[in-house]
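Single-structure report; data block below.
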Number of protein chains: 4
Amino acid sequence: MPIPMEPWRTAIAHSDQTGIWLRGYDITALMARPFTDTVFLLHRGRLPGEGERQLLDAVLVGVSDHGAGAPSCAAARLAASGNRQSLSAAIAAGLLAIGDEHGGAGEGCMALIREGVEESRRDGIAIEDAAARAVERAVQSRTRLPGLGHRVHTTDPRVKVLFDLARQHGVAGDGVAFVSALERAAAGRIKTLPLNIDGALAAILHDLGFDPPAGKLIFIVGRVAGLTAEVAEEYAREKPMRIRIPVQYDGEPPRTIE
Amino acid sequence: MPIPMEPWRTAIAHSDQTGIWLRGYDITALMARPFTDTVFLLHRGRLPGEGERQLLDAVLVGVSDHGAGAPSCAAARLAASGNRQSLSAAIAAGLLAIGDEHGGAGEGCMALIREGVEESRRDGIAIEDAAARAVERAVQSRTRLPGLGHRVHTTDPRVKVLFDLARQHGVAGDGVAFVSALERAAAGRIKTLPLNIDGALAAILHDLGFDPPAGKLIFIVGRVAGLTAEVAEEYAREKPMRIRIPVQYDGEPPRTIE
Amino acid sequence: MPIPMEPWRTAIAHSDQTGIWLRGYDITALMARPFTDTVFLLHRGRLPGEGERQLLDAVLVGVSDHGAGAPSCAAARLAASGNRQSLSAAIAAGLLAIGDEHGGAGEGCMALIREGVEESRRDGIAIEDAAARAVERAVQSRTRLPGLGHRVHTTDPRVKVLFDLARQHGVAGDGVAFVSALERAAAGRIKTLPLNIDGALAAILHDLGFDPPAGKLIFIVGRVAGLTAEVAEEYAREKPMRIRIPVQYDGEPPRTIE
Amino acid sequence: MPIPMEPWRTAIAHSDQTGIWLRGYDITALMARPFTDTVFLLHRGRLPGEGERQLLDAVLVGVSDHGAGAPSCAAARLAASGNRQSLSAAIAAGLLAIGDEHGGAGEGCMALIREGVEESRRDGIAIEDAAARAVERAVQSRTRLPGLGHRVHTTDPRVKVLFDLARQHGVAGDGVAFVSALERAAAGRIKTLPLNIDGALAAILHDLGFDPPAGKLIFIVGRVAGLTAEVAEEYAREKPMRIRIPVQYDGEPPRTIE
């Protein structure tokens, strides 16, 4: 006995007798173009220009992997170690370690950029001044500035590559300007806090017209390339249950139920 | 424009104007009874007797936790380390490490028990003989017998507790008989392979009338008690991104794109 | 070449040559007691009294399930529909639908209770007045009060059961007092907003000494009982890929790449 | 008190003072190239040629999305509906619906191809004959042939695009030959079972040198492009908890606890 149900509405993809359509384009036409075009299309609703695609390529590659010890890769391998029945389960476990603290600071930085750029327009102040205000507010509220700072105090080589590409292709705009101003303002007001990959990714994605959630979502698209390779290696190279995490118990000593 | 949709059918739970019903019982009546009764009810379709409940309690407690270094606990903590926005994401990451290799061998053992018990009835042979055949088949096909064997070659204290309880409450049946025979047959034909917690859990759940998937599902119900506590401790006691897994790269040396 | 690694510290569980220990108690002793005792112990660090256990039982049963159409159950069934290789993957998918909006409002309500109770002590005002202030702040900031309000404007029968049990066992304290005052204050200042199960769960868990994250974590422990049964039913009763969600595309019409 | 731990070994990625390295290549050099090159590199250990990249592009685009009602997309949206605190949780829920039944048949098909190609070499028979044997075995064991068959009995337009591209770029090899022979043999022995996207993906990935697990893993890389867009749309366009799945209860009628 069928029940009337409101169908889910979507503007992203659909298939019918005539084929499969992504944002209105025939998927077979898109298959002749780079995958990155489709990533851009699905999120932005239009195909990228040449420079835009190269920037998105650089972002996706830049976050794809940097070592098996990162929480996302390690969680994926642990899942693969105990559960060899589902590759997707291991990849999913890896994704679950991605949040504001790991791989996801780009989202907060994109929100900060958007707020700063709007403030600059609304109040008729320079981007530089909007960035200084943002730094001041972070100091007052004792919050961290997402996109700034490294664990190891060096510059991240990926940042320069992204910004050089952005300038070369005419993609650099308010986003790059704002985070650069933020870095300078923070150096003057707090301490040297170099832009990290999350901040650079945020600036580029803002200038490509993405919304803040893309700061996490595009990271995820890139990182899945690494996670899938890590999980494939774990399956091919390591035995199940090979992982032993050393633990030290410091709780209640042995006691009996009275 | 609503579209007719076939509703999902279920015999487990529903709610309507008169209340919330689990397997036909008013949830407010069930709330006056132990949670374990509801676990039993949801899976078996009827309420347990006193002895049945105590056995299920023992199984659930027995698998709830044994240390933060197990893949399920470690994966949950890694997720909590990188992603502090979602407690359920960390618990889910922990569950994803549960498979045939970790926490899930009970499912395979329950299938083995069922097969052996059916063979015994069909061929009119003793449970002992059906177990001996199962061992022989495992030897021939060079497969492991799920539910037997420890990493450390000692007996697991939880096994005796479960079997003593099962006998005391008259719950022990074909399941306990079959895995005990399996252990003896394996000792004679292969080597000493003591029953582990997965094998004992499988025997008890079989004798309580559960189907093989319960070998994983009931483990999950019990283990979630531990995972939730582990994740609560990680949030309360540790900073994000505190986990560093040591990694050694042994792949291609530095090379340049020609 | 082993690398020195700081072991993870934990006060929850450990195992050694002498056995498996949960919060200092031998797991084999705990196996002779209700599972709910272990849930309480793992989270609170001590065993519950009789009344405390009955309250926790009532909470766990109360949130275990109320129908296969809830996001958590539906997500679990969808995962089981496409991926029959991993029971834990389906349960994990179900958990991932649990957040502030579904099953998790108890966490926010527990934080509100704690804040209100502290404010009452600090400022020497009655719980009633602290609750009135909380309502006023919600009105001013246009935020919802977690734990109040139903989609369908009726009372939830589980709330009365929980509060009656809490009073009967002397467990009802500041938590029950605060949310009851909150309900009255909201009715006077906003509109009739009956306490829902999240609010009742929050009050009880506060009075049992749990921290706010338990508002989500204990919900998860209870709901996993339902999710495991739903997934077992999906596997046993339905074919893979039987689920068809009706979708309506309202995006770009067909277009060609220029 | 640090404990010596065996580091995890990996040949995929590492970072040190000199930079970040993927399979031995400096990540900043890879950032100047298409993302698809890095996907290929991480999985295959070398960079692709021009034709190989175009084939992988076509595969990734071809599986990226085809509608919000697929289990993976629907599970992701359900998670986003109940849990708005974690974008990665919603994407992970979507991935968990990917298995042998949805999106993952490519893995089984790649195993079938590998087996058939090896059999052909070992026994000195034609690929055609090896395919005929595979069909015969499936008929005898009453199993489905992964990669063949559509729900709707039409051809999938993506298959022809992939095979045309493969031939045009000289990528088509044993994989394409085997699945084409499989399709013909099945038509003669069973019934018309057109190659589906999983079968085409499997053939192409085999001919690109990937191992069977890539049949699922590369699907996942492509599908994450769609899932991230679907989740972004759900967050931006829909309210939490908007999803209602119609359910029909057909279990025990109301009963009381005796």
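The numbers here are math on the coordinates, done by the rules we state, and not lab data. Small disclaimer: the values here were computed from a predicted structure and weren't measured. Using ideal geometry, Cβ is built from the backbone for each residue, glycine included, and neighbour counts are taken over all protein chains shown.
For A:Thr192, the distances from its label point to the matching points in the remaining copies are 6.3, 6.7, 7.1 nm, ordered from shortest, with each point set 7 Å beyond Cα toward Cβ. For B:Gly99, the residues whose amide H sits under 5 Å from its own are B:Gly104, ignoring neighbours fewer than 5 places away on the same chain, with H placed 1.01 Å from N.
Inter-chain neighbour count for C:232-241: the average number of beta-carbon atoms from partner chains within 10 Å of each residue's beta-carbon is 4. Built from the Cα atoms of the protein assembly as shown, the convex hull projects on average onto 43.0 nm², one quarter of its surface area. Residue by residue along D:49-60, Cβ atoms of other protein chains within 10 Å of the local Cβ number 3 on average. Across segment D:219-226, computed HN-Hα scalar couplings (Karplus, 6.51 cos²θ - 1.76 cosθ + 1.60, θ = phi - 60°) run 4, 4, 4, x, 5, 4, 4, x Hz from first to last residue, x flagging Gly and Pro. D:Arg237 label point (Cα plus 7 Å toward Cβ) to equivalent points in the other copies: 3.2, 4.2, 4.6 nm, shortest first. The sum of -39500 (n - 2.57) across all DSSP H runs of n ≥ 4, divided by the residue count of the protein assembly as shown, sets its helix-only mean residue ellipticity at 222 nm to -18000 deg cm²/dmol.
Note that segment A:83-99 has calculated 3J(HN,Hα) couplings of 9, 9, 9, 8, 4, 5, 4, 5, 5, 4, 4, x, 4, 5, 7, 8, x Hz, one per residue in order, obtained from phi through the Karplus relation 6.51 cos²θ - 1.76 cosθ + 1.60 (θ = phi - 60°); glycine and proline are x. Sequence-ordered 3J(HN,Hα) estimates for segment A:11-19 from the Karplus curve with 6.51, -1.76 and 1.60 and θ = phi - 60° stand at 10, 9, 8, 7, 10, 8, 4, 7, x Hz, glycine and proline given as x.
One quarter of the surface of the convex hull around the alpha-carbon atoms of segment B:164-215 equals 3.6 nm², the direction-averaged projected area. Rg and Dmax over the alpha-carbon atoms of segment A:95-243 stand at 17.1, 62 Å.
Applying 1/(1 + (r/R0)^6) with R0 = 30 Å to the Cβ-Cβ distance of C:Ala32 and B:His150 gives a FRET efficiency near 0.85. Distances between copies at C:Ala32, taken between label points 7 Å from Cα along the C-beta direction, are 3.0, 7.3, 7.7 nm in increasing order.
Model label points for D:His169 and C:Ile190, set 7 angstrom from Cα along the Cα-to-Cβ axis, are 5.7 nm apart.
When all alpha-carbon pairs of segment A:52-107 are counted, what percent fall beyond 16 Å? It works out to 50 percent of all Cα pairs. The reciprocal of the average 1/r between distinct C-alpha atoms defines the Kirkwood hydrodynamic radius, which for segment B:36-133 equals 16.5 Å.
Across chain B, C-alpha contacts under 8 Å between residues 6 or more apart give a mean separation that, scaled by the residue count, equals a relative contact order of 25 percent. Shown is the FRET efficiency for D:Arg122 and A:Ala236, computed with R0 = 25 Å from the Cβ-Cβ distance and rounded to the nearest 0.05: 0.65.
Shielding by partners for peptide B:212-223, expressed as the average number of C-beta atoms from other protein chains within 10 Å of each residue's C-beta, is 5. Using +1 at the C-beta of Lys and Arg and -1 at the C-beta of Asp and Glu, which of C:His169, C:Leu148, C:Leu182 has the Cα lying farthest in the positive direction of the dipole of segment C:145-184? Final value for the positive-end residue is C:Leu148. Note on C:Lys239: lysines with a C-alpha under 26 Å away, same-chain residues under 8 apart excluded, are B:Lys216, D:Lys191, D:Lys216.
When you filter the trypsin sites (Lys or Arg not before Pro) in segment B:189-258 for DSSP loop state and at most 11 other Cβ atoms inside 10 Å of their Cβ, you are left with B:Lys191. Share of pairwise Cα-Cα distances greater than 18 Å in segment C:94-139 is 40 percent (whole percent).
Look at the alpha carbon pairs under 8 Å that are at least 6 residues apart: their mean separation over the length of segment A:137-236 gives a relative contact order of 32 percent. What the Cα atoms of segment A:195-258 give is an Rg and a Dmax of 21.4, 66 Å. Largest first, the extents of the alpha carbon coordinates of segment B:107-193 on the three principal axes equal 32, 32, 23 Å. Over all distinct Cα-Cα pairs of segment B:33-79, the Kirkwood formula returns a hydrodynamic radius of 12.2 Å.
Rounded to the nearest 0.05, what FRET efficiency do A:Ile3 and B:Ala11 have when you use their Cβ-Cβ distance and R0 = 22 Å? E(calc), rounded to 0.05, equals 0.75. Would you mind estimating how fast chain C diffuses translationally, via Stokes-Einstein at 25 °C and 0.890 mPa s with the Kirkwood radius over Cα pairs, in µm²/s? This corresponds to a translational diffusion coefficient of 118 µm²/s.
Rg then Dmax, both in Å and based on the Cα atoms of segment D:116-158: 13.0, 37. Based on C-alpha pairs under 8 angstrom that are at least 6 apart in sequence, segment B:178-258 has a relative contact order of 16 percent. Per the Cα gyration tensor, segment B:149-191 maps to an equivalent ellipsoid with semi-axes of 21, 15, 6 Å, ordered largest to smallest.
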